[in-house]
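Structure, as C-alpha cells:
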Amino acid sequence: MTETSSNNSSPSPRHQAYGLATLGGTFYFLGWAGFGFWPLSLVCLVPLWGALELGLGRTWRHSLAVAWLYGTVTCAGGYHWLVEFLDVFSGYGYAASALFWILFSAYLGFNFAVYGLIYRALRRRGWRVSIVAIPVLLLIEWLYPSLFPTYLSNSVQHQTHLVQIADLGGPMLVTMMMALVNLSIYELSLIHI
C-alpha cells in the first residue's frame, strides 16, 4: 500500500522562509565580530535571499516579516551582551533589560525589513537577484540610522588580508566583496536545484 501525497510532512514555503531567515540571521551574528566564525558571513545572506524568493508570490507583509525576523535574529545574537550590561548598570532589573534588548534588536533589525521590502518590489518588477541584492544591501547599510553603525564587513575585522580593500572604499567596499561571495554561492545553489 502506498501513502497518498496528502500526508506530505514537508514544511510549507511560509515556514521554510521563516526557518531560512532564522538560519541566515544566526549565520550573520555568528560570523560577526566577536564570535570568531567569520566564514559564516560569506554565506549568511544566502538563506535570506532564499527566504525572500519563497515569499515573492505572497503579500508584502510576508516579505517584511521574514526580513525583519532575519534582522532581529542578527541583532539579538550580536548584541546578546546588552541584557547583562543593562541589568548591571541601569538598575532596571533583568526583565526590563531583556525587554529593552528585544526592542533594540527589533529596531536595528528593521533595516533588513526595509531591505526585504525594496528587494521584493524590485524583484516583482522583473529585476534579477544579481542586480537587486547587493546595491540594496549597500544602500541600507549606508542610510539606515543606527546608534552603532554596523556593516557585514565587521565580521572580517581580524582577517587583514580581506580588509585591505577598505583603504580604497571603506567598510562598504568590503561588504560588497563579501556580498559578491554570498551571491555567487546563492546563484550556484540555484544551478544545482
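The values are calculated or read from the model by the stated rules, or taken from the named source; none is laboratory data. Here the structure is a predicted model, which is why all the values come from computation and not from measurement. Reconstructed Cβ throughout: ideal geometry from the backbone, glycine too, with neighbour counts over all protein chains shown. Protein only, heavy atoms only, side chains kept; ligands, DNA and RNA dropped before computing areas. Shrake-Rupley method; radii C 1.70, N 1.55, O 1.52, S 1.80 Å.
Of all residues in the stretch 55-75, which are in a helix (DSSP H, G or I) and crowded, with 21+ Cβ neighbours inside 10 Å? Lay out the reasoning, then the answer.
Taking the stretch 55-75 and keeping what is in a helix (DSSP H, G or I), we get 60-75.
Scanning the stretch 55-75 gives His62, Ser63, Val66, Ala67, Trp68, Leu69, Tyr70, Gly71, Thr72, Val73, Thr74, Cys75.
State which residue is farthest from the chain's Cα centre (by Cα) when the search covers only the stretch 102-120 and only residues that are open to solvent by 60 Å² or more (accessible area, probe 1.4 Å) and of a type outside the set (Val, Ile, Thr). Outline the logic, then answer.
So in the stretch 102-120, the residues open to solvent by 60 Å² or more (accessible area, probe 1.4 Å) come out as 102-103, 107, 110.
Going one step further and asking which of them are of a type outside the set (Val, Ile, Thr), we end up with 103, 107, 110.
Numbers: Leu103: 17, Tyr107: 14, Phe110: 10 Å.
Per the criteria, the residue is Leu103.
The rows are residues; the columns are (1) under 19 Å from the mean Cα position of the chain (by Cα); (2) more than 20 Å from Trp49 (Cα to Cα); (3) among the small types (Gly, Ala, Ser).
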{"residue": "Ser153", "(1), (2), (3)": "yes, no, yes"}
{"residue": "Thr160", "(1), (2), (3)": "no, yes, no"}
{"residue": "Asp167", "(1), (2), (3)": "no, yes, no"}
{"residue": "Met176", "(1), (2), (3)": "yes, no, no"}
Identity of the residue in the stretch 139-169, part of a helix (DSSP H, G or I) and in contact (Cβ under 8 Å) with a residue 40 or more places away in the chain, that ends up surrounded by the most Cβ atoms within 10 Å (Cβ to Cβ): Ser155
Condition met for Thr150 (modelled with pLDDT under 90 and touching an Asp or Glu at 6+ places or on another chain (Cβ under 9 Å)): yes
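State yes or no: is Ser90 within 23 Å of Trp38 (Cα to Cα) and either within 16 Å of the chain's Cα centre (by Cα) or exposed (fewer than 13 other Cβ atoms within 10 Å of the Cβ) (or both)?
Working: within 23 Å of Trp38 (Cα to Cα): no; either within 16 Å of the chain's Cα centre (by Cα) or exposed (fewer than 13 other Cβ atoms within 10 Å of the Cβ) (or both): yes.
Here the answer is no, as Ser90 does not meet what is asked.
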